[in-house]
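A short worksheet on the structure shown next.
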Amino acid sequence: MSRRPRHPGLHDAGGREIPHRLIEVRSVPTFLYDAGEGPPVLLVHGYGDTADSWRRVVPGLLARHRVIAIDVPPFGRSADPDVPQLLDFYKGFFPELFKRLEIDRATVIGHSLGGAIALHVALARPELVERLGLVAPAGLGKAPPWWWYLLSGHKLVWHHALRVPSPLTPLLVREGLKRFLDWRLSYDHTKLEHDIRHLVDMHGTPSDLDKLLKAGRCCIESYTGRLLEDSAALDVPKWMVWGRHDGLVPSEHALAFGRAHPDAAVHVFEDCGHYPHIELPARFNRLLREWMADTAPGPRLRRVA
């Protein structure tokens with residue numbers, strides 16, 4: 001039996017793990033953390049990751065907010081929805097998630113693929129999204145990042161390579177995955193050492209990598225190249241953070257987003273890669289708190305008929 005990865009978990013400022021559970025959303029068992037009181041904040045992680053990637057952000061939010069962080073299916077501790085196009089699945093998944101959690105609206109913050117998901121949800125169901133935070137979101141270019149084509153070519157290359165009956169295959173998978181992540185994820189590898197090890201532990205067997213690549217194909221098949229253009233319809237407070245040295249999604253997309261949305265708060269961090277909320281958490285959290293304070297919705301007045 002293969003050893004399953006040990007997840008780091010999410011904790012409050014006192015180091016206590018916050019409550020978590022599995023719920024059924026669109027018939028898919030979905031793992032989530034749910035803690036705190038106040039206006040809700042939904043955190044949506046990136047491709048192949050888990051809710052635990054927000055561990056340096058959650059403690060600062062819990063004082064004033066109900067914080068929900070999920071393992072987006074099919075990743076982490078959630079089940080695989082086994083659908084042909086994940087982004088289409090998410091358009092129905094998130095409204096049902098809000099209903100199950102009895103949330104009318106939330107501040108939605110998404111990283112990488114989670115940023116693309118957040119944008120799609122805000123466009124499809126704008127009444128659900130109070131404010132929109134984007135951290136190096138995927139999907140803003142005219143074509144997918146080049147590395148996604150490695151995933152789309154899985155049936156031609158990886159499909160056979162992963163099934164070579166060799167005791168070396170798991171070792172080669174782990175080493176190849178680690179080298180790719182070391183190369184593309186961060187500006188300073190030492191700041192993501194534990195995170196990279198965790199990602200390798202989650203996807204380092206042939207079967208786990210096979211599942212990851214399948215999800216990649218589902219995402220690339222939903223890529224339209226129109227997300228930035230479509231985002232012009234958004235009418236909510238918008239906040240964006242990107243690392244200048246992002247090796248997965250080009251930081252130039254932040255500048256394009258800023259031109260398309262001059263009302264958005266856009267920040268590009270120097271000496272930072274694809275994970276600004278982990279690589280530079282103090283700056284990230286300070287800017288996030290300032291934006292949330294500046295854009296906090298006031299009491300709504302009832303219209304008099």
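Projecting the Cα positions of Ala254, Trp239, Leu212 onto the charge dipole of the stretch 212-259 (unit charges on Cβ atoms of Lys, Arg, Asp and Glu, taken about the Cα centre) puts Leu212 furthest along the positive direction. Sorted largest first, the spans of the alpha carbon positions of the stretch 39-94 along the three principal axes are 39, 20, 14 Å. Within a straight-line Cα-Cα reach of under 18 Å, Lys142 can be paired with the following aspartates and glutamates, leaving aside sequence neighbours fewer than 8 residues apart in one chain: Glu221, Glu229, Asp230, Asp246, Glu252. Assuming charge only on the beta carbon of Lys and Arg (+1) and of Asp and Glu (-1), the dipole of the stretch 28-99 about its Cα centre is about 340 debye to the nearest 20.
Taking only alpha carbon atoms, the stretch 221-262 gives an Rg to Rh ratio of 0.98, where Rh is the Kirkwood radius.
Roll a 1.4 angstrom probe over the protein heavy atoms and tell me the percent of accessible area of the stretch 1-91 that is carbon or sulfur.
49 percent
The Ala143 and Asp230 beta-carbon pair, evaluated with R₀ = 22 Å, returns a calculated FRET efficiency of approximately 0.90.
One quarter of the surface of the convex hull around the alpha-carbon atoms of the stretch 1-130 equals 8.1 nm², the direction-averaged projected area. Taking the Cα centre of the stretch 221-273 as reference, the dipole from Cβ charges on Lys and Arg (+1) and Asp and Glu (-1) amounts to some 80 debye.
The values are calculated or read from the model by the stated rules, or taken from the named source; none is laboratory data. Note that the structure is a prediction, hence the values are computed from the model and not measured. Because the Cβ atoms are built from the backbone with ideal geometry, glycine has one as well, and the counts that use them run over all protein chains shown. Side chains included, ligands, DNA and RNA excluded: accessible areas come from the protein's heavy atoms. Shrake-Rupley method; radii C 1.70, N 1.55, O 1.52, S 1.80 Å.
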